[in-house]
Structures are given as C-alpha cells and as structure tokens.
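J.: I'd like to ask some things about the structure below.
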Amino acid sequence: MKPIIGITLDEENKHTYSKYPWYAARKNYVDSINKAGGVGIFLPNSPEAIDRYISIINGLVVTGGDFDIDPQIYGENVISSKVSVKENRTNFEYKLTSKALKKDKPVLGICGGQQLINVVLGGTLIQHIPDAIETKINHEQTNPRNEASHFVNIKKGTKLFKIIKNQKMFVNSAHHQAVDKLGKSVVATAFSDDGIIEAIESKKFSYCIGVQWHPEFLIDDKDINIFRSLINSAKEKIEK
C-alpha cells in the first residue's frame with residue numbers, strides 16, 4: 001500500500017493565473033513523492049477540514065512560498081521591511097502541522113515549511129538574513145531554481161545524516177529568512193558555510209524533519225533519499 005502524503009498549497013490573489021483567488025504548487029512536489037513510492041495529494045487551506053485531512057493522509061509535506069510567517073506568532077515585532085505575510089495560509093499550516101505532529105504523522109518541511117515547523121515547536125526566525133549576518137552566500141540565488149548554488153554541511157549522528165549518508169550536499173537556495181532560536185526538542189542538523197541553519201529535526205517525534213533547500217527539484221542525487229525516508233516512515237506507521 002502506497003502511503004498518501006498531503007502537500008500544502010500556496011494561496012494567491014494576483015491576477016495572473018486567474019482574476020479570482022487561486023491555489024498553486026509546483027508539479028515536482030508530487031512527482032518526487034510519487035518517485036519515492038508514495039501518492040501525493042494537495043490540501044486546500046481549509047481549517048475546518050484539518051481533522052478530515054489528518055484521517056486521510058499518512059504523512060505531510062509543508063511547502064515553501066514567497067511569503068513569511070508573521071513574527072508576532074513567535075513573539076517578535078516586525079523589524080524588517082522585507083517581511084511579507086499570508087495570514088490565512090500560515091494559520092492553516094500552523095494548525096495542520098500541529099495536529100499532524102500530535103498524531104505523530106511523519107512531517108517534512110521544505111524551505112518555509114522548515115521555518116514553520118520550528119515556529120510550531122516554539123522557535124524563532126531570522127527575519128532577513130542580510131540584516132543579521134555578513135555572508136558571501138546569496139540565499140536568494142539568482143541562477144534558476146533547478147540549479148544548485150551552495151553546499152550544506154550535515155552533522156554526523158543525526159537522522160538526516162543517516163538518510164543522506166554523506167556530510168555534504170550541493171543544493172539550491174530560495175529564502176531570505178532562516179531558523180534562529182531552535183524550538184523545543186529541535187536540533188540543527190545541517191549548516192551552510194556561513195552558519196545559517198539549513199536543516200532541523202525533532203527528537204520528540206518519530207519523523208519530523210525540515211530542510212531549507214528544495215529537494216523536490218532532485219538536483220543533488222541524495223535529494224530523493226529525503227522523500228524515500230518520509231515514505232518509509234509513513235509505511236511503518238501503516239504497518240503497525
């Protein structure tokens with residue numbers, strides 16, 4: 001039985017795809033899940049449907065997007081003009097992720113999804129990387145998203161290291177925020193050369209991993225291992 005993996009959606013009002021509000025997600029999220037042995041389904045941002053979603057899915061992928069989590073949620077004021085929020089989406093994803101973790105469903109956070117996991121578990125974020133650290137790495141890469149731009153260094157002894165079986169990956173980068181203070185039970189498992197946290201995992205749950213890059217592009221040959229680990233964890237839950 002192939003596990004069903006829920007995937008969160010972006011929500012937009014821009015008059016591009018339609019004159020009316022619309023949802024969006026890149027096809028490669030589903031493609032990567034399917035390639036890893038799962039079945040990906042998209043979850044509209046409907047808070048009233050969360051309990052039903054949780055009853056259907058065997059795992060969850062929280063996706064990224066061109067927006068930020070409202071700093072008030074993690075107890076801070078907005079200190080950067082670069083912060084742009086989507087209240088409805090964040091409210092939905094916060095509740096969905098909290099419920100999934102409470103039910104010990106495997107959860108993978110990608111880019112903004114990693115940041116959301118950290119906030120849900122009590123952590124904070126760097127609101128704008130260039131304001132916080134001096135770095136030669138452009139974390140909002142100018143080259144295409146389907147190309148890599150910098151290396152990440154993975155800590156030995158972590159769940160991520162066991163998944164990747166390597167201390168380095170060459171990844172893409174599309175974010176201006178990053179994990180700052182770690183949430184409860186959360187450990188940092190990968191860093192870029194400038195010290196920015198590139199991956200996290202929680203010791204409390206059977207599978208709760210966040211990565212700051214976008215493994216769904218399958219740029220590094222180890223990216224697929226991340227999705228396989230999610231699928232395998234979901235299978236183990238089904239078989240119990």
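The values are calculated or read from the model by the stated rules, or taken from the named source; none is laboratory data. All values reported here derive from a predicted model rather than from experimental measurement. Positions of Cβ are backbone-derived with ideal geometry, glycine not excepted, and every protein chain shown enters the neighbour counts. Note: accessible area is taken over every heavy atom of the protein model, side chains too, but ligands, DNA and RNA are not part of it. Shrake-Rupley method; radii C 1.70, N 1.55, O 1.52, S 1.80 Å.
J.: Of all the strands (runs of 3 or more DSSP E) wholly in the range 1-85, which have at least 3 residues that are farther than 15 Å from L116 by Cα?
T.: Values: elements: 4-8, 10-12, 22-24, 39-43, 59-62.
In the range 1-85, 4-8, 22-24, 39-43 are the strands (runs of 3 or more DSSP E) which contain 3 or more residues that are farther than 15 Å from L116 by Cα.
J.: Additional query: Looking only at the range 155-174, which residues are touching a residue at least 24 places away in the same chain (Cβ under 8 Å) and open to solvent by 20 Å² or more (accessible area, probe 1.4 Å)? Give the derivation first.
T.: As a first pass, look at the range 155-174 and keep what is touching a residue at least 24 places away in the same chain (Cβ under 8 Å): 155, 158-161, 163-166, 169-174.
Across the range 155-174, the qualifying residues are K155, K159, F161, I163, K165, N166, F170, A174.
J.: Still on this structure: Show the residue pairs meeting these rules: Cβ distance below 6 Å; 6+ apart or different chains; first residue within the range 80-95 and closer than 17 Å to V107 by Cα; second residue hydroxyl-bearing (S, T, Y) and modelled with pLDDT of 95 or more.
T.: Pairs found: E93/T8.
J.: Does the range 202-220 hold any residues that are in contact with a strand residue (DSSP E or B) (Cβ under 9 Å, 6 or more places away or on another chain), part of a loop (DSSP other than H, G, I, E, B), closer than 18 Å to L60 by Cβ and not basic (K, R), and which are they?
T.: Within the range 202-220, F205, Y207, Q212, H214 meet the criteria.
J.: If you take the residues of the range 11-32 that are in contact with an Asp or Glu (Cβ under 8 Å, 6 or more places away or on another chain) and crowded, with 18+ Cβ neighbours inside 10 Å, which of them is nearest to H214 (Cα to Cα)?
T.: Going through the range 11-32, the residues in contact with an Asp or Glu (Cβ under 8 Å, 6 or more places away or on another chain) turn out to be 21-26, 28-29, 31-32.
From what is left, the residues that are crowded, with 18+ Cβ neighbours inside 10 Å are 25, 29, 32.
Details: A25: 13, Y29: 9, S32: 11 Å.
Here the residue is Y29.
J.: What number of residues within the range 188-240 satisfy the criterion of being touching a helix residue (DSSP H, G or I) at 6+ places or on another chain (Cβ under 9 Å), β-branched (V, I, T) and open to solvent by 10 Å² or more (accessible area, probe 1.4 Å)?
T.: 2
J.: Out of curiosity, is A199 assigned to a helix (DSSP H, G or I), more than 16 Å from N28 (Cα to Cα) and touching a residue at least 40 places away in the same chain (Cβ under 8 Å)? Outline the logic, then answer.
T.: Details: assigned to a helix (DSSP H, G or I): no; more than 16 Å from N28 (Cα to Cα): yes; touching a residue at least 40 places away in the same chain (Cβ under 8 Å): yes.
No; evaluated as a whole, the condition is false for this residue.
J.: Across the range 182-195, what is the number of residues that are under 13 Å from Q114 (Cα atoms) and outside any strand (DSSP E or B)? Quick ask: steps written out before the conclusion?
T.: Of the residues in the range 182-195, the ones under 13 Å from Q114 (Cα atoms) are 182-183, 186-190.
Add one more test, that the residue is outside any strand (DSSP E or B), and what stays is 182-183.
Residues flagged as under 13 Å from Q114 (Cα atoms) and outside any strand (DSSP E or B) within the range 182-195 amount to 2.
J.: Keeping to the range 45-80, report how many residues are open to solvent by 40 Å² or more (accessible area, probe 1.4 Å) and in contact with a Phe, Trp or Tyr (Cβ under 6 Å, 6 or more places away or on another chain).
T.: Residues in the range 45-80 being open to solvent by 40 Å² or more (accessible area, probe 1.4 Å) and in contact with a Phe, Trp or Tyr (Cβ under 6 Å, 6 or more places away or on another chain): 1 in total.
J.: Against the conditions (1) under 26 Å from I79 (Cβ atoms); (2) open to solvent by 50 Å² or more (accessible area, probe 1.4 Å), where does Q177 fall short? Just the number, please.
T.: (2)
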